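*Asks:* Quick one: the structure is below, and I'll ask about it shortly.
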Amino acid sequence: MQIAQKKRCRICGWVLNNSALPFDFMGKGRLWGSGLSQTQDAFVEFRRVQKSYDGEVLVVKDLNLKLPKGEFLTMLGPSGSGKTTCLMMLAGFETATHGEILLDGQPINNIPPHKRGIGMVFQNYALFPHMTVGENLSFPLEVRKIGKADREVKVKRALDMVEMGDFINRRPAQLSGGQQQRIALARALVFEPELVLMDEPLGALDKQLREKMQFEITDLAHRLGITVVYVTHDQTEALTMSDRVAVFNDGVIQQIAPPDVLYESPDNSFVAQFIGENNTLAGVVDSIDGDVCQVKLDSGDIIDATPVNVSKVGERTLVSIRPERVEANPKRLKKGAHTLKAEVLEFIYMGDVFRTRLRVAGNDEFIMKTRNAPDQQRLTPGEEIEIGWLPTDCRALDA
Amino acid sequence: MTETTGPLLAADGTPLKRKLAQSLFRSRARAFGLTLPLLAFIIVVFVIPIAQFLTQAVVDDRYSSLMPKSTIALAEWDGVSEPSEALAAAVVADLALAKENKTIGKVATRVNREKSGARSLFTKTARRAAKMEAPFLDALYERDKKWRDIEIWQGMKVASKKYTAAYLAASVDRKITADGKIVRQDEQRRIHITLFQKTIWIAFLVTLFTFLLGYPVAFLLSTLPMRTSNLLLILVLLPFWTSLLVRTTAWIAMLQGEGVLNDLFVAFGIAGDDARFSMIYNLTGTLIAMTHILLPFMILPLYSVMKTIPPSYTRAAKSMGATDWTTFWRVYFPQSVPGIGAGALLVFILAISFYITPALVGGQDGQMISNFIDYHMRGSLNWNLAAALGGVLLVIVLFLFWVYDRVVGIDNMKLG
Ligand SMILES: Nc1ncnc2c1ncn2[C@@H]1O[C@H](COP(=O)(O)OP(=O)(O)O)[C@@H](O)[C@H]1O
Ligand SMILES: [Mg+2]
């Protein structure tokens, strides 16, 4: 339990002991009492889960996933990659074609959704339009046969938690998108579930509100110590909110790692391309020496890189370099580092950064981002420069 | 900022409010202009004829135009004392005139509606009217002692009024006495109220049955994939492809004593061959056939509403711990109410004025008010009463509509 709490503090900076919480959400003992022995084990586990809707295509292929209690895990991936399907299997609205899903160590494949006790936030909020905000929040308590007085207290507490206490008598239609979002959140939390699933809950909000809500959701999740599985196709959202991110593509988890690892050490080209901006150059492995390799690009140039999933000389590879790790100032490069000729095609002044589009080794879309600093030179189109990078920032991935 | 006091002005100096009203008026006028042809069409072929017809419920100048002299004399008569000689003279003169003009039949029929037996009395008296001499009252008494019955005269007084509530009164089993009081109709003539009640009851039952049968179907349709549901919707609409008459006759073939259903019952031993169910030419037949015919009108609005209820609502409810039933009753059903409202109203209003089906399969006790209106239109030729019955039906429908609006709310209805 202590371990889990410390981990949460890293993310939200919230001083975590029960007395600091605005109310005793964990005091019920459900959250911590029942799962205490399980803390070290997986709280949610997917074991070799497969899913097919039509018997022809596997939408989810051999999914294995463990998440500990209290973790904020994001499923990130392009549209159609099977994220929602996974979430729905966990919630019980879809059945796994093969494999097992365990919650708190118990297989839940045969437990109907309403007995799973999992909170859910939907993309369109799914607030019941014929009920007021108060009635919406009271609903999960009513079906649990909680007394009226208790219900009122809990509803009020949950509304205060999302700062919507004054809206208890409104109808969902009388609320703005952001307010509906908060109510949906409060409704998913009001019955104190240990696990909350959110399927692109911020998809319909504008950028500013989305960023504010991102913070509030993570903050709440960590304060309450709940386990969250969050689905999004927005990589910024995934990076800023999560303890760990599972990158989905085509029904397969490509990589599952904390945000910084994901960004800085992508396991394969898909993750590298999908997370953040990324430059790729195609080539063939020329030599491998431990954790450094040399790649002969298709243009004939030789560059240094870190081998990630290449193993032998002669293998085709895509090397990947983040735009902000590209260096145009030779003084900042290591002695003997390989450099490349580049032609400036476009220079965009973006305020805090300069964004330069270059032609490098036949690639016209090579981007370099440089910080707007006094010693930073502004380039003009047509200029010829030398660029380079640290071998550790340049990763040789699968082609 | 300029310190403008007074109203905001548009660029050309006119007040902004007026400018806005002008531009709004123009766009509304254009929108109205587009509906004008339809509006004209409706007014000419629908509103005017109906209004014209409905006025017949309160306007009847048959007596007053054909018997002008006695009309004036009857107006002066107090309705209780013995008729005066002058009145008798006027009546005799009018009867002679009517006999000559061959209009006596119409007059006799009119008075007969107020007092049974008047028809024969009038035709009999009219044959001699031209030869009668003063004192006319005694002459009338002599011709037929029925003239001594004050009710005959009272009936004439009621009939002589050009504007009369008599038909409206008759349509709700009331009659108007000569001194203007409204009293209940004679026992054996009280048929309309029961009929209205039965009509409303049948319409209600049909609405209920179509709802009970249609709701699950619409629900199923709304959950199926588009391709399948479209195919099934065509099946729902299939009955519309055949004429109403054909469908109704098909039910006769199905339900009659020697019909398919009874044959099956007998074959399976559910009914004895000598004790076949009578499912047609009675209320049962009307209900079965009408329910079948009106089912699509319930299913379609229900389906169109249910289709728009996102599955995430039911999922949300279940994720919060609601059982299937609670989810349905607390979350799904309330959101389908607009469809129920639309479907029920549609079916009810269609059912309350149903005509062909009860006429064909209704037998004696499956008849509805429309069948009576038809009878008075074509059988008894009492158009005034037909108009009055139609008017009352219209008022009932409007009243129920109003009640519906108060209870459910008309804006809480979705027709498609
Ligand atoms: N109910 C369904 N029936 C059939 N195919 C579905 C259904 N739901 C999703 N799919 C298919 O499964 C794949 C994954 O969908 P989904 O899990 O919704 O992806 P994501 O949420 O990552 O966008 C898609 O190709 C989609 O077309
Ligand atoms: Mg999705």
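*Asks:* Within the range B:300-313, take every residue that is surrounded by fewer than 24 Cβ atoms within 10 Å (Cβ to Cβ) and more than 8 Å from every other protein chain (Cβ to nearest Cβ) and give me the one that is farthest from residue A:190 (Cα to Cα).
*Replies:* Taking the range B:300-313 first, the residues surrounded by fewer than 24 Cβ atoms within 10 Å (Cβ to Cβ) are B:300, B:304, B:306-313.
Then keep just the ones that are more than 8 Å from every other protein chain (Cβ to nearest Cβ); that gives B:300, B:304, B:306-309, B:311.
On the way: B:300: 38, B:304: 33, B:306: 28, B:307: 30, B:308: 28, B:309: 24, B:311: 22 Å.
Ranking the qualifying residues of the range B:300-313, first place goes to B:300.
*Asks:* Scan the range B:324-345 and report the pairs whose first residue is more than 8 Å from every other protein chain (Cβ to nearest Cβ) and whose second residue is in a helix (DSSP H, G or I) and at pLDDT below 90, with Cβ atoms within less than 8 Å and a gap of 6+ or a chain change.
*Replies:* Taking only residues 6 or more apart or on different chains, the pairs are B:341/B:404; B:345/B:401; B:345/B:404.
*Asks:* I'd like to verify a number: residues in the range A:198-225 that are within 16 Å of ligand 1 (Cβ to nearest atom) and open to solvent by 40 Å² or more (accessible area, probe 1.4 Å), how many?
*Replies:* First, pick out the residues of the range A:198-225 that are within 16 Å of ligand 1 (Cβ to nearest atom): A:198-204.
Narrowing further to those that are open to solvent by 40 Å² or more (accessible area, probe 1.4 Å): A:203-204.
Selection size over the range A:198-225: 2.
*Asks:* While we're looking at this one, here's another question. Regarding residue A:62, is this residue over 18 Å from residue A:247 (Cβ atoms) and either within 14 Å of another protein chain (Cβ to nearest Cβ) or away from ligand 1 (no atom under 12 Å from the Cβ) (or both)? Steps first, answer last, please.
*Replies:* On the way: over 18 Å from residue A:247 (Cβ atoms): no; either within 14 Å of another protein chain (Cβ to nearest Cβ) or away from ligand 1 (no atom under 12 Å from the Cβ) (or both): yes.
Considered against the rule, which asks whether it is over 18 Å from residue A:247 (Cβ atoms) and either within 14 Å of another protein chain (Cβ to nearest Cβ) or away from ligand 1 (no atom under 12 Å from the Cβ) (or both), residue A:62 comes out as no.
*Asks:* Restricting attention to the range A:41-59, which residues are within 14 Å of chain B (Cβ to nearest Cβ) and within 16 Å of ligand 2 (Cβ to nearest atom)? Walk me through how you get there before you give the answer.
*Replies:* From the range A:41-59, those within 14 Å of chain B (Cβ to nearest Cβ) are A:53-54; that's our starting set.
Answer for the range A:41-59, where residues must be within 14 Å of chain B (Cβ to nearest Cβ) and within 16 Å of ligand 2 (Cβ to nearest atom): just A:53.
*Asks:* Condition (residue is within 16 Å of ligand 2 (Cβ to nearest atom), open to solvent by less than 30 Å² (accessible area, probe 1.4 Å) and out of contact with any Pro (no Cβ under 6 Å at 6 or more places or on another chain)) applied to the range A:124-139: is it met by at least one residue?
*Replies:* yes
*Asks:* Is one or more of the residues making up the range A:109-129 within 10 Å of chain B (Cβ to nearest Cβ) and farther than 30 Å from residue A:46 by Cα? Outline the logic, then answer.
*Replies:* Going through the range A:109-129, the residues within 10 Å of chain B (Cβ to nearest Cβ) turn out to be A:112-129.
Among the residues that remain, those that are also farther than 30 Å from residue A:46 by Cα are: A:128-129.
Yes, the conditions are met somewhere in the range A:109-129.
*Asks:* Going through the range A:185-206 one residue at a time, which ones are more than 16 Å from ligand 2 (Cβ to nearest atom) and modelled with pLDDT of 90 or more?
*Replies:* Listed by number, the residues that qualify are A:185, A:186, A:187, A:188, A:189, A:190, A:191, A:192, A:193, A:194, A:195, A:196.
*Asks:* Here's something else I'd like to know. From the set of residues in the range A:74-102 that are of a type in the set (D, E, K, R) and more than 7 Å from ligand 1 (Cβ to nearest atom), which is farthest from residue A:112 (Cα to Cα)?
*Replies:* Here is the first cut: in the range A:74-102, the ones of a type in the set (D, E, K, R) are A:83, A:94, A:100.
Then keep just the ones that are more than 7 Å from ligand 1 (Cβ to nearest atom); that gives A:94, A:100.
Numbers: A:94: 10, A:100: 15 Å.
This residue is A:100.
*Asks:* Which residues, counting only those in the range B:314-334, are in a helix (DSSP H, G or I) and open to solvent by 30 Å² or more (accessible area, probe 1.4 Å)?
*Replies:* If we filter the range B:314-334 for residues that are in a helix (DSSP H, G or I), which is where we start, we get B:314-319, B:324-334.
Once the filter is applied, which keeps residues that are in a helix (DSSP H, G or I) and open to solvent by 30 Å² or more (accessible area, probe 1.4 Å), the range B:314-334 yields B:314, B:315, B:318, B:324, B:325, B:326, B:328, B:329, B:330, B:333, B:334.
*Asks:* Restricting attention to the range A:235-248, which residues are open to solvent by 40 Å² or more (accessible area, probe 1.4 Å) and within 16 Å of ligand 1 (Cβ to nearest atom)?
*Replies:* Of the residues in the range A:235-248, the ones open to solvent by 40 Å² or more (accessible area, probe 1.4 Å) are A:235-236, A:239-240, A:244.
Scanning the range A:235-248 gives a single hit, A:235.
*Asks:* Continuing with the same structure: Looking at B:15, B:68, which is the one that is closer than 30 Å to residue B:136 by Cα and open to solvent by less than 60 Å² (accessible area, probe 1.4 Å)? Spell out the reasoning first.
*Replies:* Working: B:15 fails: closer than 30 Å to residue B:136 by Cα.
Going through B:15, B:68 in turn, the sole match is B:68.
*Asks:* Need the failing condition index for residue A:266 against (1) over 18 Å from residue A:386 (Cβ atoms); (2) in contact with a Phe, Trp or Tyr (Cβ under 9 Å, 6 or more places away or on another chain); (3) assigned to a strand (DSSP E or B), just the number.
*Replies:* So residue A:266 meets the others, but not (3).
*Asks:* Tell me yes or no: at least one residue of the range B:202-211 is surrounded by 18 or more Cβ atoms within 10 Å (Cβ to Cβ), more than 28 Å from residue B:400 (Cα to Cα) and in the same structural domain as residue B:293 (by TED's automatic domain parsing).
*Replies:* no
*Asks:* Could you list all residues from the range A:60-85 that are within 16 Å of ligand 2 (Cβ to nearest atom), more than 22 Å from residue A:223 (Cα to Cα) and within 15 Å of the chain's Cα centre (by Cα)?
*Replies:* A:76, A:77, A:78, A:79, A:81, A:82, A:83, A:84
The values are calculated or read from the model by the stated rules, or taken from the named source; none is laboratory data. Owing to the predicted nature of the structure, the values given are computational and were not obtained by experimental measurement. Ideal geometry is used to build each Cβ from the backbone, glycine not excepted, and the neighbour counts take in all protein chains shown. Please note that ligands, DNA and RNA were not included when accessible areas were found on the heavy atoms of the full protein model with its side chains. Shrake-Rupley method; radii C 1.70, N 1.55, O 1.52, S 1.80 Å.
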